[in-house]
Amino acid sequence: MAQNGGTPTLDQVAKLAGVSKATASRAINGRSKVSAKAQTAVDNAVRALGYTPNAAARSLVTRRTGSVALIVPESDERIFSDPFFARMLHLVARALREHDLQLVLLIAQPGDEEERLLQYLRGRYVDGAIVASHHRADRLAEHLSDLGLPCVFIGRPWIGAERVSYVDSDNAAAAGHAVRVLLEAGRRRIATIAGPRDMRAGHDRLDGWRRELVAAGLDADLVAYGDFTEESGAKACAELLEAAGDPGGVDGIFAASDLMAQGAMRELAARGLRVPEDVAIVGYDDLGVAERTDPPLTTLHNPIGQMVTEALRLLTEAIDAGGTGAPRRVIFVPELVRRASV
């Protein structure tokens, strides 16, 4: 402990470690040009004395805040009710703790809220940002690129994708896989409950569904849209069944999220239709909902954990490089999880 019971100082750490004050400072702040022997000595001295670096002084030395923003351009209600965002928030927070970084959650929708967000980011209160969920009208990729703030998007942005790094899942290929599973089960009137038209994931999953049906020589006319919620899935399913007319007009459904698939299953049950005997269903996400449906839902596993890990790796490398370097992209392939709905 510190002499006389006071707060331990950098001078005391350096003296106990047998190094200069400058070397002790570099070791504590994670900077280069410190030998392994000196680093170990300083680490041991820090533990022995209970030394805690002054955050403000450390920031002046390193020009870093030790904080990373998670930007989610969605409503509060959506973020805290959708399992995708709940899982995303949990994984990002856990990954940042492992890197000794503080999470700053920023929720902002286009308009005045977005401008306040940009003002905050211009102040450099964070070292970088991860952006999750974005819409056609969002220009966050362009804005963050203009600011020179290290950032990584989870999901390919609509605008400015060539200017930023991002990780994504191959939504179109996964949707095509879902259709093939339904085709292999003998289904020929395969509908889709698509995601929002202004979201890249919704657009790409719809595109993959359509391309696979066209390649099979089948009609791709049974489309209804939802917003990734259970209620929207039930409503979209009702629209599809009414548009198809006779009870056998739909014998398969690809839903662009498990929540929408759950809503569709509820609507089918209300109409006396059985899953999978009358209508087979494949969902997308595999974030806990699919295991609880009746019957359990066959779905595409959205690799959120892998995407978060890779996004943070790309971000920390960009921060270490001072925000320089060409944008990088990493695409993951979702895997099918077979259960009982097909």
Expected single match for assigned to a helix (DSSP H, G or I) and surrounded by 19 or more Cβ atoms within 10 Å (Cβ to Cβ) among Ala201, Ala224, Ala191 is Ala201
Within the set of pairs 6+ apart or on separate chains, which have a first residue in region 148-176 that is within 18 Å of Gly208 (Cβ to Cβ), a second that is part of a strand (DSSP E or B) and among the charged types (D, E, K, R), and C-beta atoms under 7 Å apart? Gly155/Asp168; Arg156/Asp168
Within region 227-254, considering residues that are closer than 16 Å to Ala178 by Cβ and touching a Lys or Arg at 6+ places or on another chain (Cβ under 7 Å), the one surrounded by the fewest Cβ atoms within 10 Å (Cβ to Cβ): Asp251
Residue pairs qualifying under the 8 Å Cβ cut-off, at least six apart or on distinct chains, with the first in region 311-329 being under 16 Å from Glu162 (Cα atoms) and the second being of a type in the set (Phe, Trp, Tyr) and assigned to a helix (DSSP H, G or I), are none
Do you know which residues across region 290-318 are surrounded by fewer than 16 Cβ atoms within 10 Å (Cβ to Cβ) and over 14 Å from the mean Cα position of the chain (by Cα)? Glu291, Arg292, Asp294, Pro295, Pro296, Glu317
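Scan region 210-221 for residues that are aliphatic (A, V, I, L, M) and either touching a residue at least 40 places away in the same chain (Cβ under 8 Å) or part of a loop (DSSP other than H, G, I, E, B) (or both) and report the count.
3
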If you go through region 115-155 one residue at a time, how many are touching a Gly at 6+ places or on another chain (Cβ under 6 Å) and over 26 Å from Arg197 (Cα atoms)? 2
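Can you give me the number of residues within region 204-217 that are over 20 Å from the mean Cα position of the chain (by Cα), over 15 Å from Ile253 (Cβ atoms) and surrounded by 15 or more Cβ atoms within 10 Å (Cβ to Cβ)? Full working, then the answer.
Within region 204-217, the subset over 20 Å from the mean Cα position of the chain (by Cα) is 207-217.
Pick out the ones that are also over 15 Å from Ile253 (Cβ atoms) and you get 207, 211, 214-217.
The next check asks that each one be surrounded by 15 or more Cβ atoms within 10 Å (Cβ to Cβ); those that pass are 207, 211.
Here the count works out to 2.
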Among (1) of a type in the set (Asp, Glu); (2) in a helix (DSSP H, G or I); (3) closer than 18 Å to Arg266 by Cβ, there is one condition Asp207 misses while meeting the rest; what is its number? (3)
Show the residue pairs meeting these rules: Cβ distance below 6 Å; 6+ apart or different chains; first residue within region 256-283 and in the same structural domain as Gly186 (by TED's automatic domain parsing) and of a type in the set (S, T, N, Q); second residue in a helix (DSSP H, G or I) and modelled with pLDDT of 95 or more. Gln262/Glu230
Sole residue being assigned to a strand (DSSP E or B), in contact with a Lys or Arg (Cβ under 9 Å, 6 or more places away or on another chain) and under 23 Å from Gly66 (Cα atoms), chosen from Val131, Val167: Val167
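Among the residues of region 224-232, is there at least one that is more than 23 Å from Ser133 (Cα to Cα) and at pLDDT 95 or above? Break it down stepwise before answering.
Within region 224-232, the first condition is being more than 23 Å from Ser133 (Cα to Cα), and the residues that meet it are none.
No - not one qualifying residue is present in region 224-232.
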So which residues in region 316-342 are modelled with pLDDT of 95 or more, out of contact with any Ser or Thr (no Cβ under 8 Å at 6 or more places or on another chain) and under 30 Å from Asp146 (Cα atoms)? Val330
Restricting to region 15-33, what's the tally of residues that are crowded, with 20+ Cβ neighbours inside 10 Å and not in a helix (DSSP H, G or I)? 1
State the number of residues belonging to region 227-243 that are under 26 Å from the mean Cα position of the chain (by Cα) and not in a loop (DSSP other than H, G, I, E, B). 6
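Which of the residues belonging to region 77-101 are basic (Lys, Arg) and either exposed (fewer than 15 other Cβ atoms within 10 Å of the Cβ) or more than 21 Å from Asn302 (Cα to Cα) (or both)?
Arg94, Arg97
Taking the residues in region 244-255 that are over 30 Å from the mean Cα position of the chain (by Cα) and in contact (Cβ under 8 Å) with a residue 24 or more places away in the chain as candidates, determine which candidate is farthest from Arg189 (Cα to Cα). Walk me through how you get there before you give the answer.
Going through region 244-255, the residues over 30 Å from the mean Cα position of the chain (by Cα) turn out to be 244-251.
Among the residues that remain, those that are also in contact (Cβ under 8 Å) with a residue 24 or more places away in the chain are: 244, 247-251.
Numbers: Ala244: 9, Pro247: 11, Gly248: 8, Gly249: 6, Val250: 5, Asp251: 5 Å.
The qualifying residue farthest from Arg189 (Cα to Cα) is Pro247.
Go through region 142-153 and give me each residue that's surrounded by 24 or more Cβ atoms within 10 Å (Cβ to Cβ) and not in a loop (DSSP other than H, G, I, E, B). Full working, then the answer.
Narrowing region 142-153 to residues surrounded by 24 or more Cβ atoms within 10 Å (Cβ to Cβ): 144, 150-153.
Residues satisfying the conditions are Leu144, Cys151, Val152, Phe153.
Only one of Val68, Val131 is within 14 Å of the chain's Cα centre (by Cα), in contact (Cβ under 8 Å) with a residue 24 or more places away in the chain and crowded, with 20+ Cβ neighbours inside 10 Å. Can you tell me which? Break it down stepwise before answering.
Details: Val68 fails: within 14 Å of the chain's Cα centre (by Cα).
Only one candidate qualifies: Val131.
The values are calculated or read from the model by the stated rules, or taken from the named source; none is laboratory data. Here the structure is a predicted model, which is why all the values come from computation and not from measurement. When we count neighbours, we look across all protein chains shown, and the Cβ atoms used for this are built from the backbone with ideal geometry, even at glycine.
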